[in-house]
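In what follows, a structure is listed as structure tokens, so that the remarks can point back to it.
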Amino acid sequence: MSSKNILITGGAGFIGSHVVRLFVKKYPEYRIINLDSLTYAGNLENLRDIENAPNYEFVRASILDMDALRQVFQQYSINGVIHLAAESHVDRSIHNPDEFAMTNIIGTIRLLKVAQTAWHGNMEDKMFYHISTDEVYGSIEDGYFTEETPIDPRSPYSASKASSDHFVVAFNNSYGLPSMVSRCSNNYGPYQFPEKLIPLMINNMVNKKPLPVYGKGENIRDWLYVEDHARAIDTIFHKGKSGEVYNIGGNNEWKNIDLVKMLCRIVDEKLNREPGTSASLITYVTDRPGHDLRYAIDASKVISETGWRPTTDFAEGLEKTVEWYLQNQQWLSHVTSGEYLKYYEKMYANR
């Protein structure tokens, strides 16, 4: 493991950018290749602090483009893949399931095929690590999702991720491709695109817009700070076993409405507003179709086998997240308007 050429797909996205940053800084002896197609949620501003690092390369390409994938594997002698590239928003998947099937299923298959071909006859010291979601398990009333919980996706997004999970396992069984899968609970933290719950609410509070809460706000999610997830990915990549699935969770369940009210209190305090100002903006809206009531992860396997565990207290992590968004309004403006793309279109036009 003294020297690795690691391909991280979706490395300009929310979780991916944190993983790229961690690997670039922690492993100067590795070469990190970030492959991202820069869709609306992929933003290279997330990586300004490391974009000129000597062990970092960016390649703009889609995981659907097999020629581009083959070129990357050949040019950089890839021996490790951390696959995060995906369409990931449930609401968007309900409106456009075809796009999710293409990217998340077909894109993953093409990446698997390129890796299997490139590594054929020499699988030693290779690893294809696929990052998935706890949403593939469906909803659970009592207890916790374990790695043995039956797959039961309820949305086009989770169905596409469940399918891609199965293909990763199938390539391991059929072709001997060294591979692992991890399934994580909801992430939060800096650089998350403001279509997701926490940054959406913060942005709306700042601008005194309605805070849309599905149904009665009683849906429950397990929340994990994104830097803790990045550390888990690092740990699993180096200590996990081929053929295994690992659940990653924060043991930190919150009803959506309680989370929103906590955010309201923090934002009002940070902006020196009268208590209750933001909470008055809460608006209950019609629940989305197939909205799972509760997700809850049992992460005991990854903790016992690798030693990883979450370290960020939720109140502390939420406060840090609010502070980051309040201090980075320009970033927020750029990602919501698409302005960030202009800089990087010019920067990479001739590469």
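For this structure, a couple of remarks:
- Consider segment 127-145 and keep the residues that are in contact with a strand residue (DSSP E or B) (Cβ under 7 Å, 6 or more places away or on another chain) and not in a strand (DSSP E or B). The one that is surrounded by the fewest Cβ atoms within 10 Å (Cβ to Cβ) is GLU141.
- Selection count where residues are over 19 Å from ALA232 (Cα atoms) and surrounded by 19 or more Cβ atoms within 10 Å (Cβ to Cβ), scope segment 169-187: 3
- Note on segment 38-57: residues that are buried (at least 19 other Cβ atoms within 10 Å of the Cβ) and farther than 21 Å from LYS126 by Cα total 8.
- Residues located in segment 66-87, provided they are at pLDDT 95 or above and either assigned to a loop (DSSP other than H, G, I, E, B) or hydroxyl-bearing (Ser, Thr, Tyr) (or both): TYR76, SER77, ILE78, ASN79, LEU84, ALA85, ALA86
- Strands (runs of 3 or more DSSP E) within segment 222-323 that include 3 or more residues buried (at least 21 other Cβ atoms within 10 Å of the Cβ): 245-248
- Within segment 8-56, the set of residues being in contact (Cβ under 8 Å) with a residue 60 or more places away in the chain, closer than 18 Å to SER77 by Cα and out of contact with any Asp or Glu (no Cβ under 8 Å at 6 or more places or on another chain) comprises just one member, ILE8.
- Test: residue in segment 136-156 that is basic (Lys, Arg), at pLDDT 95 or above and either over 16 Å from the mean Cα position of the chain (by Cα) or under 18 Å from ILE233 (Cβ atoms) (or both): no
- Qualifying residues in segment 337-351 (those that are assigned to a helix (DSSP H, G or I) and surrounded by fewer than 15 Cβ atoms within 10 Å (Cβ to Cβ)) - the one modelled with the highest pLDDT: SER337
- Any hit, segment 198-210, residues being more than 19 Å from the chain's Cα centre (by Cα), outside any helix (DSSP H, G or I) and either buried (at least 16 other Cβ atoms within 10 Å of the Cβ) or among the charged types (D, E, K, R) (or both): yes
- Sole residue being within 21 Å of PRO178 (Cα to Cα), under 15 Å from the mean Cα position of the chain (by Cα), crowded, with 18+ Cβ neighbours inside 10 Å and among the hydrophobic types (A, V, I, L, M, F, W, C), chosen from LEU7, LEU35: LEU35
- Members of segment 80-99 that are out of contact with any helix residue (DSSP H, G or I) (no Cβ under 8 Å at 6 or more places or on another chain) and crowded, with 16+ Cβ neighbours inside 10 Å: none
- Apart from one condition, MET102 fits all of (1) buried (at least 18 other Cβ atoms within 10 Å of the Cβ); (2) closer than 23 Å to LYS161 by Cβ; the exception is (1).
- Of the residues in segment 149-166, at least one is among the aromatic types (Phe, Trp, Tyr) and either in contact with a strand residue (DSSP E or B) (Cβ under 8 Å, 6 or more places away or on another chain) or in a helix (DSSP H, G or I) (or both).
The values are calculated or read from the model by the stated rules, or taken from the named source; none is laboratory data. Model, not experiment: these values are computed from the prediction. Here Cβ is always computed from backbone atoms with ideal geometry, including for glycine, and neighbour counts include all displayed protein chains.
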